[in-house]
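As structure tokens, the structure follows; a few thoughts come after it.
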Amino acid sequence: MMRNLCNALLMLLLTVICSLGQAATVKGLYSAELLVPEQLTQPAVEQLRSGLKEVLVKVSGRSNVVNKPAVVNALQQPAAWLNQFGYQATQTPVSAGDGREVLGQRLLLEFDPVLIDQLLQQSGMRAIGHARPVMLVWLVQQRGAASRDFVSHDSQIYTELQQQADLRGLPLSIPLLDLNDQNALDVSDLWGFFRAPIEQASVRYQPDGILVGRLLQSSGGAWQTEWLLIKEGQARAISPSGSLSEQLKQVINDTADFALASLGASRFDYVETGLQLEVTNIVEIEDYLQLLDYLRQLPPVDAVRVSGVDADRVLFRVELQGGVQALEQAVRLNPRMSPMPRMSNAGAETVYAYRWQQE
């Protein structure tokens, strides 16, 4: 019975977590692809080094991982982290290094996930997993004297953005730009970076974040771009420089570092807030659901988070208005929980214990 309860609670919690965002599952985090001029019996050290850097950045979500001392040392012998490699012929021309162009070979590098994760731990970082936030990308452009307009979703600009995002393990979503989008969002709103209409038009796609690009091409062909990144109520402006390809690369790197930063935070840096509440006598899943509903309806309770399940006990973090006294008074007015002796955990934090009164 207790095992069934724990399993049921686990499935319920996973369902709640999955419903909080539209995160996408990213594959191939531990692999890298390089376009090379020829097949070798063993990949060159520089090729392995480039592939290992790419994988470490994708897996950790941080571009600065390559500067960590443990990673710098690992890059001296990148073959130690390699599982396997292979080649595929392509029709893409590539420089042979001697002035000739040849049809390139796609070098596929697969690195060991366990060893990569261990290397990140040695660097004070960690793998952030395959579930990544999805960024919706709106682009508007003005070429010379032409009118401002949406950038078509089949544009080479979107293709380059997607290629750079793949290198970072960052999922992108591209708007359909159908009549619904064009009626919901005016080009001038995009050009002006007006957040309210942009966010309203983006609701349709339920993204985890929004990236807006404003691209201006001069009569001479040079591009100047400005960007607005919106995620979880925060906004950041990005003004890259260089060629258009260099600007797109910089934008995606800045976006990935910003969007994936919270996922890459070490668990040792996370401090839970709120009062710690333990409730026993939770035997069936119905007990848990009634308890959760009860806690959320108490007047001083702002938020409830489950932090642990053990047999018939459930441990919560509860955010309150008015402190412990307000909670105790609310419980007395609606006594579905009976107070038990208070405890202290290993960190000397008080745990407020109650026993659930079943109906």
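The values are calculated or read from the model by the stated rules, or taken from the named source; none is laboratory data. Remember, it's a predicted structure, so these values are computed and weren't measured experimentally. In this analysis, Cβ positions are derived from the backbone assuming ideal geometry, glycine residues included, and neighbour counts consider all displayed protein chains. Heads up: the accessible areas ignore ligands, DNA and RNA and are worked out on the full protein's heavy atoms, side chains in. Shrake-Rupley method; radii C 1.70, N 1.55, O 1.52, S 1.80 Å.
Got a sec? Which strands (runs of 3 or more DSSP E) wholly within region 165-266 have at least 3 residues that are open to solvent by 70 Å² or more (accessible area, probe 1.4 Å)?
Because the criterion is at least 3 residues that are open to solvent by 70 Å² or more (accessible area, probe 1.4 Å), the strands (runs of 3 or more DSSP E) in region 165-266 that meet it are 234-238.
Can you work out which of the residues in region 65-95 that are touching an Asp or Glu at 6+ places or on another chain (Cβ under 8 Å) and touching a residue at least 12 places away in the same chain (Cβ under 8 Å) is most open to solvent (accessible area, probe 1.4 Å)?
So, considering only residues that are touching an Asp or Glu at 6+ places or on another chain (Cβ under 8 Å) and touching a residue at least 12 places away in the same chain (Cβ under 8 Å), the one most open to solvent (accessible area, probe 1.4 Å) is Q84.
Before we move on, is L170 closer than 20 Å to V65 by Cα and not acidic (D, E)? Spell out how you get there, then give the answer.
Working: closer than 20 Å to V65 by Cα: yes; not acidic (D, E): yes.
Answer is yes for this residue.
Taking W227 and the conditions (1) out of contact with any Asp or Glu (no Cβ under 9 Å at 6 or more places or on another chain); (2) of a type in the set (F, W, Y); (3) modelled with pLDDT of 95 or more, which numbered condition does it fall short on, given that it satisfies the others?
Result: W227 passes all but (1).
Checking S202 against (1) over 20 Å from A259 (Cα atoms); (2) touching a residue at least 12 places away in the same chain (Cβ under 8 Å); (3) not aromatic (F, W, Y), which single condition isn't satisfied?
The failed condition is (1).
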